[in-house]
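Read-outs throughout are calculated quantities, based only on the coordinates presented, and are distinct from any laboratory measurement. Since this is a predicted model, take the numbers as computed values, not measurements. All Cβ positions, even for glycine, are placed from backbone atoms using ideal geometry, and neighbour counts span all protein chains on display.
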Amino acid sequence: MSIAVEIAVEDIAGLVTAAHAGADRVELCVDLEHGGTTPPAALVREAAERAAALVARADAKPQFDVHVLIRPRASATPLLEDRASFVPDAADVEAMVAAAAEAVEAGAAGIVLGALTAEGRLDVPVLERVRDAALGAATASLRGLHLTCHRCLDAMPDAAARVAAVEQLVGLGFHRALSSGGAARALDGAADLARMVAAADGLVDICAGGGVQVADIVPLVRATGVQDIHLSARRTRPGPDGVPITTTDPAVCTAAVDAAGAL
């Protein structure tokens, strides 16, 4: 079994750490503290260029690349209680469309997007607009593009809604769905994740993410059948001015890759 490891990062230092540890890809965003929002195009371009350089020097896996979160806003409300931030208004939709195209033009190998209706179902027209903008940019650049649905799935009302969403994502041409199974920790949502894996039937990868610790990886994969693991691998330490500094921890990244590789 081959288990892919994705590290959520906010900067180039985090990307380099993930690459050196043997991660398969990074999800690039900003404001991870609140679940992540869209990074600026300049950062995407720098990240894509650095990833390519690391691969060329064999300092990363050959398939290592950068996927970019497309999410215009977040809040301090816990993600599972924050359905409103996944329900875009007209301005949000335009921002997502523009950001998706810009990210691909800047070199992103994939985009991570999602949108819900007020009732907590996938907003298919919005997903199609953002998807098509990104695919258009990829076609213009003569490149392929990987599509992931983000953890808006975990703000859905129940497991049945998530299963239905997975089936919709197949028809929409998505490659992956990121979820904790509707729980604060993916390990606690293992039963729902297993249902999503069964519904995907190998046509969409289910990526387990949300409060994932290294010790969770083996039991999580065995309980669910997921083939992708997502974690931030961050550590916080005191800064010189008393303000905490959060960085991507190389030890956690390496341990995660080792745990996945042992399966």
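Think of segment 2-56 as a dipole: +1 on every Lys or Arg Cβ, -1 on every Asp or Glu Cβ, centred on the Cα centre; then among Ala18, Ala51, Cys29, Ala51 lies furthest on the positive end.
Across Thr248, Thr224, Thr236, mean-square fluctuation computed from a Gaussian network of the chain (C-alpha pairs under 10 Å connected) peaks at Thr236.
Taking the Cα centre of segment 4-261 as reference, the dipole from Cβ charges on Lys and Arg (+1) and Asp and Glu (-1) amounts to some 400 debye.
Projected label points at Ala262 and Glu105, each 7 Å from Cα along the beta carbon direction, are separated by 4.7 nanometres. Please work out whether segment 4-261 counts as rounded, prolate or oblate from its C-alpha gyration tensor, where a ≥ b ≥ c are the square roots of the eigenvalues and a/c under 1.5 means rounded, while otherwise a/b larger than b/c means prolate and anything else oblate? It is rounded, given that a/c, with a ≥ b ≥ c, falls under 1.5. Work out the FRET efficiency for Arg50 and Gln213 from their Cβ-Cβ distance, taking R0 = 30 Å, and round it to the nearest 0.05. Step by step, r from the Cβ atoms, then E = 0.65.
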